[in-house]
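Following: one structure in structure tokens, then a few remarks.
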Amino acid sequence: MLSQPASKYRPFAPIRLTDRTWPDAVLTRAPTWLSTDLRDGNQALVEPMDAERKLRMYEMLLRIGFKEIEVGFPAASQIEYDFLRKLIDEKRIPDDVTIQVMTPAREELIERTIESLRGAPRAIVHVYNAVAPAWREVVFGMTVPQVMELVERSISQVRRLADAHPETEWTLQYSPETFSLAELEVSAQACETAIAAWGEGRSIILNLPTTVENATPNIFADQIEWMARRFVGRPGVVLSVHPHNDRGTGTASAELALMAGAQRVEGCLFGNGERTGNLDVVNVALNLYTQGVSPGLDFSDIDAVRAEVEYCNQLPVPPRHPYAGDLVYTSFSGSHQDAIKKAFAARREGDVWNIPYLPIDPKDLGRSYEAVIRVNSQSGKGGISYLLEHEYGLELPRRLQIEFSQIVQREMDVEGKELTAQDIHSIFERTYRPSENPVQDLVIQTKGDDVQVTATWQGQAISGAGNGPVDALAQAFCQATGHRVRVLDYREHAISSGANAQAVAYVELRVDDDRTLFGVAMHHDITSAALAALANGVTRAALAPAAQYEAATA
């Protein structure tokens, strides 16, 4: 049990919004995205990015398709200031991209921030101050009127300085910091004050952050709908959200906020940020994608994006991270593997994506299908046969899948580790193809309705007659071994095309009415492949203990 009683905490009071509409909303288009990797994400790193890593991150964000990028906190340090100047002086800002910079509501920092932006074609100046009781009363010792006076004074200063540089297209972003913990009327009053000080009708973004996530996502949605009713639709106003992930529900908060009327979302790639991180914009963007909504961001090579972010942040993306982790498209469970295998077999090109356990097609993110199914002690026949089919073109009959999965499982029990597709293929080869050419000196002759076969097998001459080459060779084995050998089933398929095409043959045979097993062979000639498969099966029966090969059951 926890050392402190839960009674020391108080639940966040619900919002009295009895006619809320967001639960019935459907997201049909992407929001405006703002990447704050270079500011909010960077300040949370153990080792903040140097100029080289910041530039690499910035250029990657442009490739992904972000049109608004918060590039830093230029009044905080010379490194931040110089990076911003590099982007402006070297004309690294595309015509359709707007940079954003951040400053607290402090006079000297606002002045330095506007100075850093001289010559920028477009800029968003992001001003913030805390409005929640714990901050305004305990941290800053301010009353609500004093908070409003600070907002009015700071925004007026931004307007005055910005108007002195008409060559730049200015947008104000105002954040009532700690919005999610504040009284809605106080937050609304702060936003009204900012709009009035900036000028009615001028471009302004009202950014509403869950500075510290403190309640369930539905409460945040109610807060956003309450604010949206007051501000959305007013000239020049855009409603934005900036979720954090303290409760682990940052993605849900963002999605419900969009349903509630937010038009813009701020976050970081893969959720980097202080404490448990900022909103993961990759997660929200690809959630939209899986609902048939184009996010307007390009994650078609997710592994390359992840590698670049890991380099710039010097932080790993966990293997179970949504959409991007190494293991998120991997199934070890036998029942999951079987469902995936059957769905892939049934799917036709152009079908709507409907594959069990795979909410998104890995190929849409630049992933191959190679790692979708991996085999460990929890795996079954579906996963094993899937790997052989997709990696080696082998389409095992169902009863062979059952027999071979038992053999692999015994190997797994001994090894106690994951088996790769190559490992499984090696086991398959040495089990079912003990010899590449199990019969030599093969001669097939037709006499009337009979076919006669002579050959050399394990150094001895054998011969037999039957109604076809396979039956004739089976009879030859009966005579040579003294055991009854019958062919129960025969399957074959091509595994390549063109002049060098090969066929693979699977022969299921019964030995002495109590042992059922398979032989497999490959050859460019179908008949030769079938005869070699039969010979490999008989070789297995003759050389291995009978107990190893139990009769397969459907």
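The table for this structure:
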item	result
Among residues of region 455-472, those that are in contact with a Cys (Cβ under 9 Å, 6 or more places away or on another chain) and under 19 Å from Val520 (Cα atoms), counted	0
Qualifying position, being touching a Gly at 6+ places or on another chain (Cβ under 6 Å) and at pLDDT 90 or above, among Ala465, Ala472, Ala455	Ala472
Near pairs, Cβ below 8 angstrom, 6+ apart or cross-chain, from region 186-214 (more than 28 Å from Gly248 (Cα to Cα)) to any residue that is open to solvent by 10 Å² or more (accessible area, probe 1.4 Å) and of a type in the set (Val, Ile, Thr)	Gln189/Val144; Ile195/Val237; Ser203/Thr171; Ser203/Val238; Ile204/Thr171; Ile204/Val237; Ile204/Val238
Positions within region 206-219 being open to solvent by less than 10 Å² (accessible area, probe 1.4 Å) and either in contact with a Lys or Arg (Cβ under 7 Å, 6 or more places away or on another chain) or aliphatic (A, V, I, L, M) (or both), in sequence order	Leu206, Leu208
Pairs, first over 18 Å from Ser240 (Cβ atoms) and open to solvent by 20 Å² or more (accessible area, probe 1.4 Å) in region 49-74, second among the β-branched types (Val, Ile, Thr) and modelled with pLDDT under 95, C-beta under 8 Å, six or more apart	Asp50/Ile79; Ala51/Ile79
Tally of residues being outside any helix (DSSP H, G or I) and more than 22 Å from Leu388 (Cβ to Cβ) across region 474-497	6
Check on Pro14, open to solvent by less than 60 Å² (accessible area, probe 1.4 Å), over 23 Å from Asn129 (Cα atoms) and more than 24 Å from the chain's Cα centre (by Cα)	no
Residues of region 413-435 classified as open to solvent by 70 Å² or more (accessible area, probe 1.4 Å) and of a type in the set (D, E, K, R), total	4
Residues being more than 10 Å from the chain's Cα centre (by Cα), of a type outside the set (A, V, I, L, M, F, W, C) and open to solvent by 30 Å² or more (accessible area, probe 1.4 Å) - total across region 320-361	14
Pairs where the first residue, in region 334-356, is more than 18 Å from Ile384 (Cβ to Cβ) and the second is part of a helix (DSSP H, G or I) and of a type outside the set (Phe, Trp, Tyr), C-beta under 9 Å, 6+ apart	Trp353/Asp364; Asn354/Ala343; Ile355/Ala339; Ile355/Ile340; Ile355/Ala343
Residues (under 21 Å from Ile124 (Cα atoms) and either in contact with a strand residue (DSSP E or B) (Cβ under 6 Å, 6 or more places away or on another chain) or assigned to a loop (DSSP other than H, G, I, E, B) (or both)) located in region 43-69	Leu61, Gly65, Phe66, Lys67, Glu68, Ile69
Residues being of a type in the set (S, T, N, Q) and either open to solvent by 70 Å² or more (accessible area, probe 1.4 Å) or over 29 Å from the mean Cα position of the chain (by Cα) (or both) - total across region 382-404	1
Any hit, region 504-523, residues being part of a strand (DSSP E or B), surrounded by fewer than 15 Cβ atoms within 10 Å (Cβ to Cβ) and without any contact (Cβ under 8 Å) to a residue 24 or more places away in the chain	no
Checklist (1) under 20 Å from Gln440 (Cβ atoms); (2) open to solvent by less than 30 Å² (accessible area, probe 1.4 Å) applied to Ser528, failing item	(2)
Looking only at region 220-267, and only at residues there that are open to solvent by 50 Å² or more (accessible area, probe 1.4 Å) and among the small types (Gly, Ala, Ser), the one that is nearest to Ile205 (Cα to Cα)	Gly233
Single unsatisfied condition, Pro94 versus (1) closer than 25 Å to Ala30 by Cβ; (2) touching a Leu at 6+ places or on another chain (Cβ under 6 Å)	(2)
Hey, Ala44 open to solvent by 20 Å² or more (accessible area, probe 1.4 Å), in contact with a Cys (Cβ under 9 Å, 6 or more places away or on another chain) and touching a residue at least 60 places away in the same chain (Cβ under 8 Å) or not	yes
Enumerated helices (runs of 4 or more DSSP H) restricted to region 76-176, each holding at least 3 residues that are open to solvent by 20 Å² or more (accessible area, probe 1.4 Å) and either closer than 20 Å to Leu38 by Cα or among the hydroxyl-bearing types (Ser, Thr, Tyr) (or both)	78-89, 107-116
Selection count where residues are polar (S, T, N, Q) and under 19 Å from Glu395 (Cβ atoms), scope region 333-373	1
Conditions (1) polar (S, T, N, Q); (2) part of a loop (DSSP other than H, G, I, E, B); (3) surrounded by 19 or more Cβ atoms within 10 Å (Cβ to Cβ); number of the one not met by Thr28	(3)
Unmet requirement for Asp364, which otherwise passes all of (1) open to solvent by 50 Å² or more (accessible area, probe 1.4 Å); (2) in a loop (DSSP other than H, G, I, E, B); (3) modelled with pLDDT of 85 or more	(2)
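The values are calculated or read from the model by the stated rules, or taken from the named source; none is laboratory data. Note that this is a predicted model, so its numbers are computed, not measured. Ideal geometry is used to build each Cβ from the backbone, glycine not excepted, and the neighbour counts take in all protein chains shown. What goes into the accessible areas is simple: the full protein's heavy atoms, side chains included, and nothing from ligands, DNA or RNA. Shrake-Rupley method; radii C 1.70, N 1.55, O 1.52, S 1.80 Å.
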